[in-house]
Amino acid sequence: MKSLVMERKLELSLRDFPEISKAEETLGPRDVRIKLHTVGICGSDVHYYTHGKVGPFEVTEPMILGHEAAGTVIEVGSDVQHLAIGDRVCMEPGIPDPTSKAARLGMYNIDPAVRFWATPPVHGVLRPTCVHPADFTFKLPDNVSFAEGAMVEPLAVGVHAATKARVKPGDVAVVLGAGPIGLVTALSALAAGCARVFVTDLAEKKLEIAASLSPAITPVHAGKDDLTATVMAATENWGADIVFEATGAPKAAAGVFQPLAPGGCVVFIGGQADPIAYDAGAAMVREARVENIFRYAHVFPRCVGMLASGAIDVKPLITRNFEFNDSVRAFEIAASAPVADVKMQIELPQ
Ligand SMILES: [Zn+2]
């Protein structure tokens, strides 16, 4: 099976990968086989490529990349009721052990035993087909494209973050970072009822894209503008009800409570490779609530529903599309962190 393989740090190849074909020869009764159509390039895929590891997960053997995926069902296990051959679907890439304590408590995303695509030793899906549990496979309505379907995975992070923040209608939010996760978080915060969302970044082009998404989004240049002063001026010196940290930069985290209103909530989304410092005193005088999220749980159907109804439009975030044959070059471009790009996707031959 011709796959995009990360051989080792800084080395990718598009080559046959017989081990995966063998591993997926048989289809379990509750599985479906999917022909992949579109796979998004995630920051974590790029980080594996450039650093050889993400946090504690190190690539020690060749691994297929890719976990943001949509495709078509081509084979259905004997016990599967809700999917049929020909259905267009998106897939949740993390499979927990359903009998684990975390899964039974509804927090399956933090099950230590979760198997997540393109997280060693589990292979990703930049390949022609995959076998996946039907329970983690979601049908796309006709008006949701494969490209949008492949955006459900990152969107799920934003929706999970907005859920954890407990957004109320009319809340004012700040999102630090206008990368793909920052922007899906801003869209999720608006869909959840925020009146206004301030989005910060250092890249002008990303701020332009942010501003184009909704008149309720105000771009703030992290290098030139004073975020706290801007938010205070807009809220009668009260501050934002919610601050979402979506940069993963220790410097952003250090000032995360400054624009926050008394009684407000900070949600940490951006991954932190090393321990970071934040201002616990500033959190205390606000009685700030601090939430952390790790991926998502139970939100894929909500995301599909919002894409179908138009409550959320992710199409402006998809800035580039590559053919599968071009995927090594796509990763090289992604690794250069082009400022004008939000989400790049790879389309597989059908
Ligand atoms: Zn991702």
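Values quoted throughout were computed directly from the atomic coordinates according to the rules given, and no laboratory measurement underlies them. In this text the structure is predicted, and so the values were computed from the model without any measurement. Note: ideal-geometry Cβ built from the backbone for every residue, glycine included; neighbour counts use all protein chains shown.
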So how tilted is helix 204-213 from the main axis of the chain? Cα-based, degrees 0 to 90, rounded to 10. 90 degrees
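Quick one: of the DSSP bridges fully inside the chain, what percent are antiparallel, nearest 5?
Details: 35 of 63 bridges.
Taking every DSSP beta bridge with both residues in the chain, the antiparallel ones total about 55 percent.
Counting other Cβ atoms within 10 Å, which trypsin sites (Lys or Arg not before Pro) in the stretch 93-186 have at most 15 and lie in a DSSP loop?
When the trypsin sites (Lys or Arg not before Pro) of the stretch 93-186 are filtered for loop state and at most 15 Cβ neighbours within 10 Å, R166 remain.
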Which angle between 0 and 90 degrees, to the nearest 10, do you get for helix 180-191 versus the longest principal axis of the chain when only C-alpha atoms count? 70 degrees
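Out of the stretch 281-325, which GluC sites (Glu not before Pro) are coil in DSSP terms and have no more than 16 other C-beta atoms within 10 Å?
On the way: sites: E287, E291, E323; in loops: E287.
Sites meeting the loop and neighbour criteria: E287.
Can you figure out the FRET efficiency of K139 with D226, using R₀ = 56 Å and their beta-carbon distance, to the nearest 0.05? Could you put the intermediate results ahead of the total?
Numbers: r = 47 Å, r/R0 = 0.83.
According to the calculation, E is roughly 0.75.
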Cross-link pairs K139/K315; K164/K224; K164/K315; K164/K206; K2/K206 - those with Cα-Cα distance over 27 Å: K164/K224; K2/K206
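Of all chymotrypsin sites (Phe, Trp or Tyr not before Pro) in the stretch 273-350, which ones are in loop regions per DSSP and have a Cβ with at most 15 other Cβ atoms within 10 Å? Please report the intermediate quantities before stating the final value.
Values: sites: Y278, F294, Y296, F322, F324, F331; in loops: Y278, F294, Y296.
Taking the stretch 273-350 and a limit of 15 other Cβ atoms within 10 Å, the loop chymotrypsin sites (Phe, Trp or Tyr not before Pro) found are F294.
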Around V267, which amide H atoms from residues at least 5 apart in sequence, or from another chain, sit under 5 Å from its own amide H, with H modelled in the peptide plane? V243, F244, E245, E291
Under 16 Å Cα-Cα from K251, which aspartates and glutamates qualify once same-chain neighbours fewer than 8 residues away are excluded? D201, D225, D226, D274, D279
Mean shadow area (nm²) of the C-alpha convex hull around the chain is 17.0 nm²
Restricting things to alpha carbons, tell me how big the stretch 147-225 is in terms of Rg and Dmax, in Å. 11.8, 36
